[in-house]
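Engineer: Pasting a structure here, questions to come.
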Amino acid sequence: MAQDDLIDSCRSSYRLQTHHVIPRRDGGDNTPTNLATLCWYHHHIAIHRKGHRIDPHTPPHRRRLLPPRTWTGYRHPTNVEYLNPIQQQERAYQNFLD
Ligand SMILES: [Zn+2]
């Protein structure tokens, strides 16, 4: 597990665990770009208890959390090209690399 897989600004290494950025039930898979390494606090408290989500548009080494109330799912407006969640993440990552 690389240190830079951690949530931005978190330097905790307490009980590191992997988490699916896009949940399996929403089509997320086990590829490295869909996995994040999180400390116990960010995994169990911030995400699973308080309802934060990892912003799928952030690349693996720059993960950020979305507050629960801004979470709107992966739907795109109908007037733009439709990308499924995996495609959105790949697009965001490619834009970051370009
Ligand atoms: Zn953390």
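The values are calculated or read from the model by the stated rules, or taken from the named source; none is laboratory data. All figures in this text were calculated on a predicted structure; none of them were measured in a lab. Positions of Cβ are generated from backbone atoms using ideal geometry, with glycine treated the same way; all protein chains shown enter the neighbour counts. Just the protein is used for accessible areas: all its heavy atoms, side chains included, with ligands, DNA and RNA removed. Shrake-Rupley method; radii C 1.70, N 1.55, O 1.52, S 1.80 Å.
Engineer: Being crowded, with 16+ Cβ neighbours inside 10 Å, over 20 Å from F96 (Cα atoms), within 16 Å of the ligand (Cβ to nearest atom) and modelled with pLDDT under 90: is that true of H43 here? Steps first, please.
Structural biologist: Values: crowded, with 16+ Cβ neighbours inside 10 Å: yes; over 20 Å from F96 (Cα atoms): yes; within 16 Å of the ligand (Cβ to nearest atom): yes; modelled with pLDDT under 90: no.
Spelling it out, it is not the case that H43 is crowded, with 16+ Cβ neighbours inside 10 Å, over 20 Å from F96 (Cα atoms), within 16 Å of the ligand (Cβ to nearest atom) and modelled with pLDDT under 90.
Engineer: Cβ-Cβ under 9 Å, sequence separation 6+ or interchain: first residue in region 41-52 and over 17 Å from S9 (Cβ atoms), partner of a type in the set (F, W, Y) and more than 8 Å from the ligand (Cβ to nearest atom). Which pairs?
Structural biologist: G51/W71
Engineer: In region 8-40, which residues are within 26 Å of Q87 (Cβ to Cβ) and within 16 Å of the ligand (Cβ to nearest atom)?
Structural biologist: Of all residues in region 8-40, those within 26 Å of Q87 (Cβ to Cβ) come to 8, 18-38.
Those that are within 26 Å of Q87 (Cβ to Cβ) and within 16 Å of the ligand (Cβ to nearest atom): D8, T18, H19, V21, L35, A36, T37, L38.
Engineer: Also, quick follow-up: Considering each residue of region 20-39, count those that are open to solvent by less than 10 Å² (accessible area, probe 1.4 Å) and assigned to a helix (DSSP H, G or I), and give that number.
Structural biologist: 1
Engineer: Of the conditions (1) modelled with pLDDT of 85 or more; (2) open to solvent by 70 Å² or more (accessible area, probe 1.4 Å); (3) not polar (S, T, N, Q), R69 satisfies every one except a single condition; which number is it?
Structural biologist: That leaves (1) as the condition not met.
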